Amino acid sequence: MKRVVITGLGIYSCLGKNLEEVKTSLYNGTSGIIFDPVRKEMGFRSGLTAKLDIPDLKNVLSRNQRVYIPEQGLYAYVATAEALANARLTQNDLDTREIGLLYGNDSTADAVMNSIDTMREKKNTTLIGSGAIFKSMNSTVSMNLACIFKLKGINLTISGACASGSHAIGLGSLLIRWGLQDCIVCGGAQEVNPYSVGSFDGISAFSVRESDPAKASRPFDRDRDGLVPGGGAATVIIENYDSAVKRGAPILAEVLGYGFSSNGDHISVPNVDGPGRSLQMAIREAGIDIRKIGYINAHATSTPVGDRNEAKAIANVFGDYRPEVTSTKSMTGHEMWMAGASEVVYSMLMMKNDFIAPNINFENPDEDSARLNIPASRVNKRFNMFLSNSFGFGGTNSTLIIKNL
C-alpha cells in the first residue's frame, strides 16, 4: 500500500483570498460573516451570509473558458492555481503526467435559475446561451478545472452534501494508496448566491442574529440558533509519497486515515451512531493511539441537534482524552460542499504555524459540549496530528486524520 501525502494547498474563502490572508484571519479569530440586505428584499428570513467577492479572471481565463465556468468554478480555479503553485506542479507536469481530479460540489443553483428565467421570459431556448449547460451540471467544477488545467487522470465530481470536499480527499487517498493514481487534485467548492440557499432559509435553518453578524455563528454554544451560509473553494494536492519525493515536491503532511459511514436514519437530522462509526473507522485505518491526535476540527455547524450529537460522538470515542475541539465555522459560517476541504486547509495552516484558532462565540456550553475541550480564544500549541469531521444531509459522514511531516 502506498503512502499518501499532501504537497499543495489553495484557498479562496470569506477569511481571505489566499493562504496567507486566511492564516492571519484564523490566528486573529476574524469572522467573515456579514448582513446582506438584498436577501431580506428577496424575502429571506435571515440576511446573514459569508462575505465573498467573485474573482475577476478576465485577464486570466479566455472568453470561452469564462462562458463555461460558474461562480463556484471561479473560486475553485483560484484555489487550484494556488495549490498547484504551492505543490510546485508546472503546466509541463500536468501535460505529461496522469494527474487526477476529484472535486466536491452538490449544487449549481444560480446557473440553473438563469437558464429557467431566460426560458420563461423569452420563450426561446436558443437564447439560453452556449455555456449554460456546462455551468448548470453538478459536475461543472470538475469538468471546467480538468479542461483548463489539462488534467489527464481520474475526472470526477463528488456529491456528498456537506461532506463532499472531505470525501473527495478521502476517496483520492484510497486511489493513491491502491496505486491507481500518483497525484490527484482534490477539493470542494460552494456557490454563495442567494438562490443556492433559499430552501435552507425556508426551513428556518439559518441564524437570525442579524444585529451582530460576527456573533451569529455559534457552534457548540448553548444559545446557538442556526447556521450561517458560506462558501468559496479549497484545493488539496495529494500524492504518492515516493512520487512526491522523486520530483522534489514540498511534503507537508500525510493522510493517515479516512473513515466513512451512513447514518441510515433521518434525511436531515443527524444521529450519534453514524458519526461515531466514521470516527472509529478513521482511527482504525490510521492505526494510531488517539492520544496522538492534538486537535479536532469539528463539523459543528451551529445547529442545536447537529452540534449536540457530534459532541456526544466525539466524547464517546475519545473518552477521558480531551484534545482541543473547535469549529472554524464559527468564523466562516457553513461552507457546505466546500467545508470538508477548506477545514483541512484551515487545520493544516494551524498545524504548520503552531496554533489552534478560537471557536469564537463560544460563551456558554450546553450539557454535551461541556464534555469537550472547546477553547473560545486562540491556543498557541504545537501539534502534529489532527482529525477533521464532515457530515451531510442523507446521513453521509466523513472523517480524515492527517499527520504533520
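The largest-to-smallest principal axis extents of the Cα set in the range 269-386 are 35, 34, 29 Å. The largest-to-smallest principal axis extents of the Cα set in the chain are 64, 55, 39 Å. Each part reduced to its alpha carbon centroid, the range 317-371 and the range 61-124 end up 29 Å apart. Taking every alpha-carbon pair under 8 Å whose residues sit at least 6 apart, the chain reaches a relative contact order of 24 percent.
The chymotrypsin sites (Phe, Trp or Tyr not before Pro) of the range 139-199 meeting both criteria, a DSSP state outside H, G, I, E and B (loop) and at most 14 other C-beta atoms within 10 angstrom of the site's C-beta, are Trp178. A straight line joining the Cα centroids of the range 388-402 and the range 142-207 runs 13 Å. Candidates Asn59, Ile99, Ala79 compared by Cα position along the dipole of the range 48-123: farthest toward the positive end lies Asn59, with charges placed on Cβ. Considering only Asn240, Leu174, Ile296, and ranking their Cα positions along the charge dipole of the chain that arises from unit charges at the beta-carbon of Lys, Arg, Asp and Glu, the one farthest toward the positive end is Asn240.
Based on DSSP H segments of at least four residues, each scored -39500 (n - 2.57), the chain has a per-residue ellipticity at 222 nm of -10500 deg cm²/dmol.
Using a Gaussian network model of the chain in which every pair of alpha carbons under 10 angstrom is joined by a spring, one finds that among Ser204, Ser342, Ser390 the greatest mean-square fluctuation is at Ser204. In this simple spin-label approximation, Ser377 and Thr24 carry label points 7 Å from Cα along the Cα→Cβ vector, and these lie 2.3 nm apart.
With R₀ fixed at 51 Å, the C-beta to C-beta distance from Asp95 to Glu367 puts the FRET efficiency at about 0.35. Once the C-beta distance of Lys51 and Lys150 is scaled by a Förster radius of 25 Å, the resulting FRET efficiency is 0.15 to the nearest 0.05.
When the chymotrypsin sites (Phe, Trp or Tyr not before Pro) in the range 308-341 are filtered for DSSP coil states and for at most 14 other beta-carbon atoms within 10 Å of their beta-carbon, the remaining sites are Tyr321.
Over the range 277-336, Cα pairs under 8 Å with separation of 6+ residues give a relative contact order of 41 percent. Segment Asn404..Asp212, full-extension length gain: 65.4 nm, with 0.36 nm per residue of separation and the alpha-carbon distance subtracted. When +1 charges are put on Lys and Arg Cβ atoms and -1 charges on Asp and Glu Cβ atoms, the dipole computed for the chain relative to its Cα centre reaches about 720 debye. In the range 317-349, whose amide N lies under 19 Å from the spot 7 Å out along Cα-to-Cβ of Ile203? List them in ranges. The answer is 334-340. Put simply, the amide H of Asn155, placed in the peptide plane, has neighbours under 5 Å in Leu101, leaving out anything fewer than 5 places away on its chain.
Here the spin labels are modelled as points 7 Å beyond Cα on the Cα-Cβ line, and at Glu41 and Leu180 they lie 4.9 nm apart.
In loop segments of the range 105-143 as defined by DSSP, the trypsin sites (Lys or Arg not before Pro) with at most 10 further C-beta atoms inside 10 Å of their C-beta are Lys123.
Taken together, the values in this text are just the output of simple stated rules run on the coordinates, not laboratory data. From a predicted model like this one, the values you see are computed outputs, not experimental measurements. Heads up, the Cβs are rebuilt from the backbone with ideal geometry, glycines too, and the neighbour counts pull from every protein chain shown.
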